[in-house]
1. Which ones in the range 538-571 are in contact (Cβ under 8 Å) with a residue 40 or more places away in the chain, among the β-branched types (Val, Ile, Thr) and open to solvent by 20 Å² or more (accessible area, probe 1.4 Å)?
2. Is there a residue in the range 616-633 that is at pLDDT 90 or above and outside any loop (DSSP other than H, G, I, E, B)?
3. Can you work out which of the residues in the range 72-122 that are among the basic types (Lys, Arg) and touching a helix residue (DSSP H, G or I) at 6+ places or on another chain (Cβ under 8 Å) is surrounded by the fewest Cβ atoms within 10 Å (Cβ to Cβ)?
4. Might you check whether a residue that is open to solvent by 50 Å² or more (accessible area, probe 1.4 Å), modelled with pLDDT of 80 or more and touching a helix residue (DSSP H, G or I) at 6+ places or on another chain (Cβ under 9 Å) occurs anywhere in the range 428-435?
5. Tally up the residues in the range 138-157 that are touching a residue at least 12 places away in the same chain (Cβ under 8 Å), surrounded by fewer than 17 Cβ atoms within 10 Å (Cβ to Cβ) and outside any loop (DSSP other than H, G, I, E, B), please.
6. Out of curiosity, is Ile611 at pLDDT below 90 and surrounded by 14 or more Cβ atoms within 10 Å (Cβ to Cβ)?
7. So, in the range 521-537, how many residues would count as being over 34 Å from the mean Cα position of the chain (by Cα) and open to solvent by less than 30 Å² (accessible area, probe 1.4 Å)?
8. What number of residues in the range 498-519 are touching a residue at least 60 places away in the same chain (Cβ under 8 Å) and surrounded by fewer than 17 Cβ atoms within 10 Å (Cβ to Cβ)?
Amino acid sequence: MGHKNINQKLIGKVSLAFLLSIVLIYSTLFTLFHKNLLPTGYSTAIFSVAENWISDLKSIIFVSEESKISNNQLNPNIVILAIGEETYEKFPYRSPLDRKFLADTINYLIKSQVKAIGIDILFDQPTEATKDLFLKNVLKNTTVPIVMITGQEENGLTKKQVDYLNNFFSDLNLNLNKDNLLLSKSLATIMKDHRDGTVREFLVERNGVDSFAQALAKKVTNNIISSTFKSKSNSISIIYKHNNSFSQYPIHAVAHLPIEWIRDKIILIGAILPHEDRHRTPLSLLSSNSSSNDISGIEIHAHVLAQILDNQYRKEIPLLVDILLTTIFVSFALIVGMILFNTWIKILISIFILLLLWISSFYFKALFFIPTFTLTVCYFISFSTGIILSAITLRKEKKFIRDAFSRYLSNDVINLIEKDPSKLKLGGERREITILFSDVAGFTTISESMEPEVLVKILNHYLDEMNKVIIKYGGTIDKYIGDAIVAFFGAPLSSTNHQEMALRCALEMDQIAKKFILEYKKYSFGTTRIGLNCGQAIVGNIGSTSHFDYTAIGDAVNVASRLEGANKYFSTTLCVSESVVKPLINNNNSNDMIFFRPIGDVILKGKNDPITVFAPIFVQDNDNDNDNKNENINVKYQQAIDCIKRSEVDKALLIFRELAKINPQDQLLNFQIERLLRNEITIVLTDK
């Protein structure tokens, strides 16, 4: 059946009225969610939280790009005089800041003809009477605009603090509701999001008292924030730029600065301390340790002031435009999910549309607030609805695939094909896997003396047990070749620990093989030899168009096969390459005792370069004396191998002979002795 016929069939089953109903319902719901217009009791927090986080991300990217092309100077007319630890160290007491010093600084700024001064210090308690009076006189006689901060009990102040603050302003001829031409009081309220503590908005004014930045802006410019930009809470979104956007100097060093650095500038005075008055902003995400990128309150006020002076505000999309945009997204997503048949086309078109949405939201960030998350969720849900409407046809295709291929492909491979039928095409991918080869020694010979029924019964029993172990450890059975088994780990499903799974599988197969030797002793059932190697291989459906297997090919597979055959030469049952062992040694978090006995550097048949080969031993023994004995043997064994690497052959030979007396059944020790007697430092295998 062609794509066109399938699409026509789907359209015929789904009426236009039904589709229009879906579009209308989805568009209305998502718009209400985003605008928080649902009745009380309906939770829309996830949308607002997500939109906030995405807005933060946009700020970070915008800031990063801006910092590359700017000179890190947001507004050159704003200068911060920072009260830091070095400032406090100059006085006998830390708080409040020495008011004689503060008064002298303000006097110097006035004489330097600054444009305005903003003091982010709360005068809510007395200090030394003469110094307090001196500060008040300096403030009264100012010739430049000065903005100070005030507060009430609702801001966390005590009644005593509020009373002193009001008296302080009264002495300056400032009452609670009226400023004069040069002196003003303001609110330094920092608005934090109650969900994550991030400062994203600033308060414009409350009860007739302007915010700190708004009061300063009124002193130096005619810019007044339009009510169209204010939210219901009388706040404005902060458009952050990069950190370190303003000229910043220690307040105690101001007299040493060139006069041009402060003349005609707006001077902000406030504390910048490492652990006090620090606030999380979208810029905090610029650091892996977000708290290290938090900024001080005075810096936030500087950002807000720069925004007001530059007349930069962000609008929300009007309701009708929001509804129209949502309706377009719902309609298009339904069409993509339902009409187009090829999955990749659906995905590519969806990615393009969503990328267009996100890029647009980033591009217009400073002008409009585009509900990126809401529209993305809207698209995915609508897209999923379209997918559901075409599920009947897809279900038939999946049933065909499972019926056709379940007899000779593993369940994992079938699942992959069901998710992506293109996997049926010939081809593959290169990936790192661990390959296992196993073979029963002499099985061909003993099979000739068995009755066919007995042979098949034993072989099926053997393969069934081995199959269970391979599946248990997440392996994929490539093929059976008589009694031989080829399997690999790490495909088709990716795995970060495929070396460990393959090794544990091989060790358990070795234990099962030993039981088979005892169970079928009368048939002289042979030893199972296993080879393991890890490396890059081509994995995929390989074969003809009519018959193919999910298999692996490559040099890594050949090496595993050679290692299986090398067991005969070493008198071992399990040979493992260094590519399997090395990551296990580096990441050994297991309580199991696995000893990796080096066999040596081996040049396999058909190879020119040696590889290090190991014979793992899996020990699970509650006998402490036996554990100590095994540990001692392995320590001495390793010492002998180290001697070989240092060309101390005689010393290594002596250790191997000593170990052979302790454990004469260990055929690997005999092999080591014989090859050293032949002075064979690097082992060269000429047979498989």
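The values are calculated or read from the model by the stated rules, or taken from the named source; none is laboratory data. Worth saying up front: this structure is predicted, and the values here are computed from it rather than measured. Ideal geometry is used to build each Cβ from the backbone, glycine not excepted, and the neighbour counts take in all protein chains shown. For the accessible areas, the whole protein counts, side chains as well, though only heavy atoms, and no ligand, DNA or RNA atoms are used. Shrake-Rupley method; radii C 1.70, N 1.55, O 1.52, S 1.80 Å.
1. Of everything in the range 538-571, those that are in contact (Cβ under 8 Å) with a residue 40 or more places away in the chain, among the β-branched types (Val, Ile, Thr) and open to solvent by 20 Å² or more (accessible area, probe 1.4 Å) turn out to be Ile538, Ile542, Thr545.
2. Looking through the range 616-633, at least one residue is at pLDDT 90 or above and outside any loop (DSSP other than H, G, I, E, B).
3. Lys90
4. yes
5. Count: 2.
6. no
7. The number of residues fulfilling the criteria is 5.
8. Final tally of qualifying residues: 1.
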